[in-house]
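Participant: My questions all concern the structure below.
Please treat every number below as a calculation from the coordinates, not as lab data. Model, not experiment: these values are computed from the prediction. All Cβ positions, glycine included, derive from the backbone under ideal geometry; neighbour counts span all protein chains shown.
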Amino acid sequence: MRNCLFCHGNVSSAFGWSAFLGLQKRHPVCEDCENSFQLITGELCEICGREWTLVAEENRHGDTCSDCFRWEGDPETTGLLQQNRSVYQYNEQMKDILARYKFRGDAVLAQGFQKEFRNTFEKVWDKKVRPILVPIPLSPERKYERGFNQSLLLAEFLPGKPEELLSKNNSDKQSKKARRERLERENTFYVPEPEKVMGKSILLIDDIYTTGTTVRMAAKVLKDAGAKDISSYTLVRS
Ligand SMILES: [Zn+2]
Ligand SMILES: [Zn+2]
């Protein structure tokens, strides 16, 4: 008997013959917890990967939501991010787990998402043309506080070795300035070795996609450094 990573309840071992024979690797999450998370399914906004049924009629612009429509309508940000795909919706349970994962430093919780994070990745990204996996970095200050980079841990669940080709400076202030201005002036990401991203397809890995500003800030410096195209993959889409 083993306890669930998230709620510490029992994880049932009734998984049939393969489990009995020890052929199946035990999943560290109980069924109740597993069912409390919502996978993103069905039709999606072409760009940000938001579930299309959650996009109100008045916010639909062709195949994209109004957020993406605005990003693409701005010459400074158009085409920066090819697409984002995410695994889970940001519901109450997910909020709670993410807070424990990131802010209370329960790094081990990441393991509960390993299976689904990898499954969805394999469905979306073709085996033959796999991009370089680049985790969204933390500033040195934040990394010191937290003790680990949550995005790197997620990236390590995927096939291929993550490459830390992005770095981030310390000044971390978020302001109410227009997002376009933030992309230019408050962009604390940088590419230490541009020759490593030149002409490459990059897949940014992060825990959550909210407004899309973070991944576009990262995409901007990568593009400036010569990257061919940039997409992102996150555990959660809020
Ligand atoms: Zn549980
Ligand atoms: Zn969108």
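Participant: State the three equivalent ellipsoid semi-axes of the chain, derived from the C-alpha gyration tensor as the square roots of 5 times its eigenvalues, in descending order and whole Å.
Facilitator: Working: eigenvalues 196, 87, 65 Å².
Result for the chain: semi-axes of 31, 21, 18 Å.
Participant: Ignoring chymotrypsin sites (Phe, Trp or Tyr not before Pro) that are buried or in helix or strand per DSSP, and keeping those with at most 16 other beta carbon atoms within 10 Å, what is the longest stretch of the chain between them?
Facilitator: Values: sites that count: PHE15, PHE148.
Between exposed loop sites, the widest span is 16-147.
Participant: If you take the beta carbon distance between SER139 and MET198 as r and set R0 to 25 Å, what does 1/(1 + (r/R0)^6) give as a FRET efficiency, to the nearest 0.05?
Facilitator: On the way: r = 25 Å, r/R0 = 0.99.
That pair, SER139 with MET198, gives E of 0.50.
Participant: Can you give the % of DSSP beta bridges in the chain that are antiparallel, to the nearest 5? Working shown, then result.
Facilitator: On the way: 8 of 25 bridges.
Here the antiparallel bridges make up roughly 30 percent for the chain.
Participant: When only C-alpha pairs under 8 Å and at least 6 residues apart count, what is the relative contact order of the chain, in percent? Intermediate results must be reported in sequence, preceding the final value.
Facilitator: Details: 374 pairs, mean separation 48.7, N = 238.
So the answer I get is 20 percent.
Participant: A follow-up question, please. Put a dot 7 Å past each Cα toward the Cβ at ASN35 and PHE148; how far apart are the dots in nm?
Facilitator: 2.9
Participant: Could you work out the longest stretch of the chain that avoids the trypsin sites (Lys or Arg not before Pro) located in DSSP loops with at most 11 other Cβ atoms within 10 Å?
Facilitator: Working: sites that count: LYS25, ARG26, ARG104, LYS127, LYS128, LYS173, LYS176.
Answer - 27-103.
Participant: Quick one: check the C-alpha center-to-center distance for segment 100-129 versus segment 30-90, whole angstrom.
Facilitator: 18
Participant: Pull out the extension gain between LYS228 and LYS128, defined as 0.36 nm times the separation in residues minus the alpha carbon to alpha carbon distance; nm, one decimal. Before the final figure, lay out the partial values.
Facilitator: Numbers: separation 100, 0.36 × 100 = 36.00 nm, distance 1.69 nm.
Contour length minus Cα-Cα distance gives 34.3 nm.
Participant: What do you get for the angle between helix 92-103 and the principal long axis of the chain? Use alpha-carbon atoms, 0 to 90 degrees, nearest ten.
Facilitator: Once rounded, one gets 70 degrees.
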